[in-house]
Every structure is written in structure tokens, then in C-alpha cells.
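Okay, structure first, notes after.
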Amino acid sequence: MAQLPPGNPSAEKALLGAFLKNNDLYLLNASTLEDGIFSHLPHQTIYEAMKPLFEKNHRCDLVSLIDALQDEGRIDNAGGVAYVSSLTDGVPYLENVDHFLHILKEKHLKRRLFTLANDLMGQINQESTPSEALIGDALMELSNLAQDGVRRGFVKLSEVNERFLDELEQRLRGVSSGLPLGYEDIDKRTGGLHKQNLIIIAGRPGMGKTALALNFAYRVAKEGKKVGFFSLEMSNEELYKRLICIDKNFPAQKIRDAQLSGEEKEEVLEAGSSLSNFPIFLDDSGGLSIMDVYSRARRLKETYGCDLLIIDYIQLLKASVRSSDNRTTEVSMISRGLKEMAKEFDIPVIALSQLSRAVEQRQGSNKPKLSDLRESGSIEQDADMVLFVYRPEVYFPDKEQWKGLAEIIFAKHRNGAVGSELLTFIGPSMKFANCLDPNKERWKDDLSNIGGDES
């Protein structure tokens, strides 16, 4: 049977000795020393006694270290007084501290990998654990290990300035700093969808959440960008039909009822041929957990690439670990997982969310508020943007001027202004288009007077 990979006692002893010789070396490197980095029991014990001395006094010497170990009754575990006293004997050049740290981190990483593999072997033998769940857990743990190795600390302002100037230069040339959606007013407000951002699209049933997300996917993919779309409610075939209708502005009911003239059939076939080349990847698997989404999205990114990920919708996802508290806790875990995915994959992630029935029951206004996000305040907290889809004609069918208008409300915008933009909603084809109505600013003002703030 394979054994736990050994550490490097010589490098461990040299590092501890260097810290005692020059306390500043410890203070400079303390944040990079992970629990378990020392494998040799005496060195683990010494390090555990050393840490609180540095934290309390910002200094540690042999006398105070030996006193602390004796007071705790751990001097024997540390190898005895003679061994602790020998830590500073023959310490190599202090400049080699980075080299010692690299050795220890490499050894520690291999021990963690070994432990992960052993745990996985144990779970494989448990027939009750589905294979896909095991793969998802393993991928997440491996990702965590990889992240631990590359986490950055402080970055000099000069480095940040370089990135800022590059982005500013692009903006001045009219190039969006984010992923453009092709909706002029929305792109102006947002600068496109930005990497590592979590964007929530929310609305009551019938407002067009899925339709808007699918229109986003269509427009992004039309520009050659790769989109992953998880649909936990609708089938891939249904989504594909909607994409055909969006592409040709074709009434969905005609396809659904199969009532097509010869010319219309040719249009549908032409749209199908065109869409076949769009880099949109659909997954309509039901009952997915956040870990399932993570593992499948990671596989998609590594196999084909992915520039935008869309999940429809949060409340149909399961937490990887069932909470004994309540569903709110589980949704909090899911929203946090989605934000971590956006950061790790370095792409924008769009997640759709339901709103509570309070929207319908509220007196005076049916406009959504952030407090209406269903089952979790953490959705608002984790999101970089929260967009509400509001179609006034649903509530005011007699107002002709609002027919076909969709108000996209920016209730939260971490890097920009809140407010709203108007799109044209073409119901029969479930298509959102740029609003070209010359009176749109007036309609925006009128809609703002309906009520419903962004709080």
C-alpha cells in the first residue's frame, strides 16, 4: 500500500532556525505558512509554540520558545531542550529562506494530494455515492489545491496602473472592456459583462427571464464567443426552438403547432443551419447540485473554452451538502459557489432567480426590489449586478404606449450606476431588441413614477 509522501526534516529545521535567527523573516512569510506545512512531529510542535509568541510579542528567541514548550508540557514532543537549542546551529544562509519555503510547500502539496486520493478511494467503495458527485468533489478539491499555490497577496500600484491604462485605452477607442451584449444602452451602462462577475437576472414568472438570458447567449455567441447554458427547467430542444425564433424573429407558436408554409419551413431550416455553427453549449440535466454545475462547467472550459456561463435558475439547484438549517442556507451556499466559479474560471456568470410573491401582494407598486429576491439575502450580497426584468404591459394592459416595452432595472451595480434601460420585447418570437422608440426617455420617466425603489 502506498505511504504518505515524506517531508524534508532538514529544510524544516533550517527554516525554523532562520526564523529564530532573524524574526523579520517569519513576519514576512507568516501569511504563506499553511497549517500542516511541517511534517516532522517535533517541528510541528515547535512551530505551534512559536506562532503565538510572534503574534503576541512580534518576536521569538530560543529562551522564550523553550519556556513556552516547557510551560505547555510539550518539550519532549519537540525533541527535548537540546534539540530545540540546536535549531540555530549551522543555519545556512538566511537568503535561502525562499528556497526552504518552496521545498516545504511542494512536499505539503503532495501530502495533501495523497490524502485526497486516499479519501477518494474510500468513497469509491461506498456504493451509495454517485460517480458524478465523486468527480465533482475531486475536481473542486483539486481546484482548491491549485488555487492555494497561486493566490496573490499585495500587488504594486504600478502593476494595477498598467492594467487600468490598457482598459482605459480600449474604452477610449470604443472597445468594450467587458463582454458586449449588443444592446446599446445596456452596454453603455455596463461596459459589457466583466470577467469574475456574478450577474443575477430576476423577475416574476412570465416577465421573460429565460428569454432575456437566451437573447444574451444568442448575441454573445453570434460574435464568436463561447457560451455554456444550464437549463434546469426547459429541454435543450425547447431552448433550440427559441433560438430559431430569436434568429429569424419567427413566431414560436407556428413551430410549436407545426403550421408552416413552404417558405416558412425554409426560413426555419436556414436558421437551424446558421445556429449549428454558434458556439452555444446546452445542458438540460435536472436535479443538478452546485458541485455538478462546477464540474461540468470546468470540463466545458477545458475542452472547448467558455466566455460566458448561464444558469437557469438558482432555486432549482441543490447545495452539494444538505443543510439541516433551511433552504435559505442552501441558497446562500449556491450563490457563493456561483461567485467562486466566476472568479476561478475568470468569466462572467449569469444566474437567473425567482422573486417572492411579495411583488404581487405589495400595495401601490408591482415593481421588484432587492428584498424580493427569493430565499436568500446572500444572492444580493454575492452578486456584482442584479437585473430585474419588468414588463409594464403585464400589469397595465390598457396603456398602449407601454406595449412591447421591457424595463431592465439595474437594482445593484457594484461598478456603475443603478437605474434602468428599455428594450423592445417581441412576444411571439420571445426576442428582445434595442428600443428605437424616440420617446423612450419619456417612457423611462413615466415608468420611474410607478414606484418601487431599488432597496
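The values are calculated or read from the model by the stated rules, or taken from the named source; none is laboratory data. Treat the numbers as computed from the prediction; the structure is a model and nothing was measured. Note: ideal-geometry Cβ built from the backbone for every residue, glycine included; neighbour counts use all protein chains shown.
What the table below lists for this structure:
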quantity: Check on Met291, in a loop (DSSP other than H, G, I, E, B) and either touching a strand residue (DSSP E or B) at 6+ places or on another chain (Cβ under 9 Å) or not polar (S, T, N, Q) (or both); calculated: no
quantity: Enumeration of residues in the stretch 88-108 that are surrounded by 15 or more Cβ atoms within 10 Å (Cβ to Cβ) and more than 30 Å from Leu145 (Cβ to Cβ); calculated: Thr88, Val91
quantity: Test: residue in the stretch 202-221 that is under 30 Å from Gln381 (Cβ atoms), part of a strand (DSSP E or B) and in the same structural domain as Phe425 (by TED's automatic domain parsing); calculated: yes
quantity: Residue, farthest from Ile426 (Cα to Cα), within the stretch 224-250, restricted to residues that are more than 24 Å from the chain's Cα centre (by Cα) and aromatic (Phe, Trp, Tyr); calculated: Tyr240
quantity: Those residues of the stretch 65-82 which are in contact with a helix residue (DSSP H, G or I) (Cβ under 7 Å, 6 or more places away or on another chain) and surrounded by 15 or more Cβ atoms within 10 Å (Cβ to Cβ), in sequence order; calculated: Leu65, Ile66, Ala68, Leu69, Arg74, Ile75, Asn77, Ala78, Gly79
quantity: Selection from the stretch 112-141 of residues that are assigned to a loop (DSSP other than H, G, I, E, B) and within 17 Å of Arg299 (Cβ to Cβ); calculated: Pro130
quantity: Filter result for Ile255 (in the same structural domain as Ala406 (by TED's automatic domain parsing), among the β-branched types (Val, Ile, Thr), over 18 Å from Phe425 (Cα atoms) and not in a loop (DSSP other than H, G, I, E, B)); calculated: yes
quantity: Filter result for Phe19 (farther than 18 Å from Asn77 by Cα, in contact (Cβ under 8 Å) with a residue 12 or more places away in the chain and of a type outside the set (Ser, Thr, Tyr)); calculated: yes
quantity: Criterion: small (Gly, Ala, Ser) and in contact with a helix residue (DSSP H, G or I) (Cβ under 6 Å, 6 or more places away or on another chain) - qualifying residue of Ala417, Ala358, Ala406; calculated: Ala358
quantity: For Asp24: the one exception among (1) in contact with a helix residue (DSSP H, G or I) (Cβ under 9 Å, 6 or more places away or on another chain); (2) over 30 Å from Met121 (Cα atoms); calculated: (1)
quantity: Conditions (1) assigned to a helix (DSSP H, G or I); (2) within 43 Å of the chain's Cα centre (by Cα); (3) hydroxyl-bearing (Ser, Thr, Tyr); number of the one not met by Ser39; calculated: (1)
quantity: Criterion (in the same structural domain as Arg189 (by TED's automatic domain parsing), assigned to a helix (DSSP H, G or I) and in contact (Cβ under 8 Å) with a residue 12 or more places away in the chain) met by exactly one of Ser365, Ser353, Ser420, Ser371; calculated: Ser371
quantity: Test: residue in the stretch 44-53 that is touching a Ser or Thr at 6+ places or on another chain (Cβ under 8 Å), part of a helix (DSSP H, G or I), at pLDDT below 90 and surrounded by fewer than 20 Cβ atoms within 10 Å (Cβ to Cβ); calculated: yes
quantity: Verdict on Lys21 being out of contact with any Phe, Trp or Tyr (no Cβ under 8 Å at 6 or more places or on another chain), in the same structural domain as Glu95 (by TED's automatic domain parsing) and either among the small types (Gly, Ala, Ser) or under 13 Å from Leu87 (Cα atoms) (or both); calculated: yes
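Here is a yes/no grid of residues against (1) at pLDDT 90 or above; (2) more than 21 Å from Leu28 (Cβ to Cβ); (3) of a type outside the set (Phe, Trp, Tyr):
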{"residue": "Pro42", "(1), (2), (3)": "yes, yes, yes"}
{"residue": "Lys56", "(1), (2), (3)": "no, no, yes"}
{"residue": "Gly73", "(1), (2), (3)": "yes, yes, yes"}
{"residue": "Asn77", "(1), (2), (3)": "yes, yes, yes"}
{"residue": "Gly80", "(1), (2), (3)": "yes, yes, yes"}
{"residue": "Tyr83", "(1), (2), (3)": "yes, yes, no"}
{"residue": "Glu95", "(1), (2), (3)": "no, no, yes"}
{"residue": "Leu101", "(1), (2), (3)": "no, no, yes"}
